[in-house]
Amino acid sequence: MADQLAPSALPFHGNPVTQAPALSWLAESGVVFDAAYTASPLCAPARASFLTGLLPSRTRVYDNAAQFSSEIPTFAHYLRRAGYRTVLAGKMHLCGPDQLHGFEERPADYGWTPDWDRPHERPTWYHDTSSVIDAGPCVRSNQLDFDDEVAFAAERSLFRHVRSGDERPFCYVVSFSHPHDPFTISRKWWDLYRGEDIPMPVTGLNEGSLHPHERRLRAVCAMNAAEITEDHVRAARRAYYGAISYVDDHTSRLISLLRDTGRLDSTVVIVTSDHGEMLGERGAWYKMSFFEGAARVPLIVRAPALFQPGRVPTAVSTMDLLPTLAGLAHEGDLSCIAGPLDGRSLLPHLSGTPDHDEVVAEYLAEGAIAPIVMIRRGRHKFIHSPADPDQLFDLASDPHERVNLADDPASAIPPRGRRAVGSHDAGPRGPPEPAAADRRQRRAPHWHTGPVGFHSGIRCVAALHP
């Protein structure tokens, strides 16, 4: 999987410019989900939900430094119990003393957290517009160092597994940091594209119609103080596309390894991301909102021995991958799952008979002053926070989310939808008051089990070999 990878930037989702032949081949020969969403549009909460099949209000991982409890089982635990070898090559942004969470091998990671005592003060370490204004080619970056090492470590580990004679099936999660900002990439990938070919945002900044959460995000990312020109936007997008081609090249090498060792067609290959990237749409960058650019993610499942290629239009979540993987490992039997999940198996979708078309997601981190909940059901997306006006979009007629229907009587949210959102505002599962929770967390002891690195990390190609 890749970090901060937006479907709109991929050729198999209609982008005419991006060069990603390996990912496109996986899409052509696999099942593509056209409406897959993150459980939370921020790195650590998204990954915790990806691993556990649970919403952030149940993992209690709200931001990029909330401790991820070892008491919560992940899909790695279930697969190990089923006899799989589990390896995480790359960063997963796990905070706390447990840096494995069911995996047998992996590097460590840590990050940063907002201070809820001062929600209106911008953290000095956080994203700012330099990632956009300084976008362009680079000789080298720490992200390139990291991702090259991740790819090398994954390939070496897979070759060792093959040579060892270990007969266990395997689950590898290969976790790259690109195309996450800063938007810089080496010349090899930058020169794949011409500036004049880079498409510009469809919807620009309209300061008069900004939602309160959009305004807070602009403040926390220091966007109001900077002048971002058309040249800046084009350079940032060009570097982002180059970073996708770079990740695609590493993906191609992993595919070749599986093919050369005779395992490609008997391996379930999954491609996804933790969240998306706004890429200048609505004048916004990065993620942290429930607009399509930030909340939607790519999702491909290639398993030619099990599922015919195709496309799934119904809404699904990255939380759905835990019950899907557990179902694959246990021939559809989910009785091994401990407790109720928020995710639901995608095996019916993969078999051509989808049984749900709904996603719930949550956000409570930078820019938020109260919990934000999103429900995507059918063609509609509803976003609610007790601190802000509601938002309702008809994605079939308004894919760029320009018209808020929340106050339109003809588009009123039915009581069932209101109750669904209300259940996330309060109660035993609801997020705590953020300042109080943050104070408790900062007063608690912390352990650090590895070197501090940049905060971006991800998961890139999860390969499940039955």
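Each reported figure results from applying straightforward, stated rules to the coordinates on display, with no laboratory input. Small disclaimer: the values here were computed from a predicted structure and weren't measured. Don't worry about glycine lacking a Cβ; one is built from the backbone with ideal geometry, like all the others, and counts go over all protein chains shown.
Computed over the Cα atoms, what is the radius of gyration of the stretch 154-206 divided by 2.2 N^0.38 Å, N being its residue count?
With N residues counted in the stretch 154-206, Rg over 2.2 N^0.38 Å equals 1.98.
In whole Å, how far is the Cα centre of the stretch 270-293 from that of the stretch 304-337?
24 Å
Once fully extended, how much extra length lies between residue 351 and residue 333, figured as 0.36 nm per residue of separation less the alpha-carbon to alpha-carbon distance?
The residue 351-residue 333 span can extend by a further 4.9 nm.
Say each of residue 219 and residue 104 gets a label point 7 Å from the Cα, pointing the same way as Cα to Cβ; how far apart are those two points in nm?
My value for the distance between the label points is 5.1 nm.
Tell me the label-point distance for the pair residue 134, residue 17, using the 7 Å Cα-to-Cβ offset, in nm and rounded to one decimal.
Reported label-point gap for residue 134 and residue 17 is 2.3 nm.
Suppose the chain between residue 261 and residue 231 were pulled fully straight at 0.36 nm per residue; how much longer would it get relative to their current alpha carbon spacing?
Once the chain is fully extended between residue 261 and residue 231, it gains 6.3 nm.
Summarise the long-distance tail of P(r) for the stretch 163-276 by giving the % of C-alpha pairs beyond 25 Å.
The answer is 45 percent, as a whole percent.
How high is the relative contact order of the stretch 212-328? Use alpha-carbon pairs under 8 Å, at least six apart in sequence, and give a whole percent.
This gives 21 percent for the stretch 212-328.
Find out how many positive minus negative residues lie around residue 200, taking Lys and Arg as positive, Asp and Glu as negative, among other residues whose Cβ is under 9 Å from that of residue 200.
Charge balance in the 9 Å sphere: +1.
Under 13 Å from the Cβ of residue 162, count the other residues' Cβ atoms, weight Lys and Arg +1, Asp and Glu -1, and hand me the total.
That sum, taken over residues with Cβ under 13 Å, equals +3.
If packing is taken as the average number of other Cβ atoms within 10 Å across a peptide's residues, how do 162-170, 341-349 rank, most packed first?
341-349, 162-170
What is the extension gain from residue 305 to residue 168, computed as 0.36 nm multiplied by their sequence separation minus the C-alpha to C-alpha distance, in nm to one decimal?
47.4 nm
Can you give the net charge of the other residues whose Cβ lies under 15 Å from the Cβ of residue 263, counting K and R as +1 and D and E as -1?
Taking every Cβ under 15 Å from that of residue 263, the sum is +2.
Where a Cα-Cα gap under 20 Å defines reach, which lysines qualify for residue 381, not counting those fewer than 8 residues away within the same chain?
Correct list for residue 381: 287.
Give me the distance between the Cα centres of the stretch 128-157 and the stretch 181-229, rounded to whole Å.
19 Å
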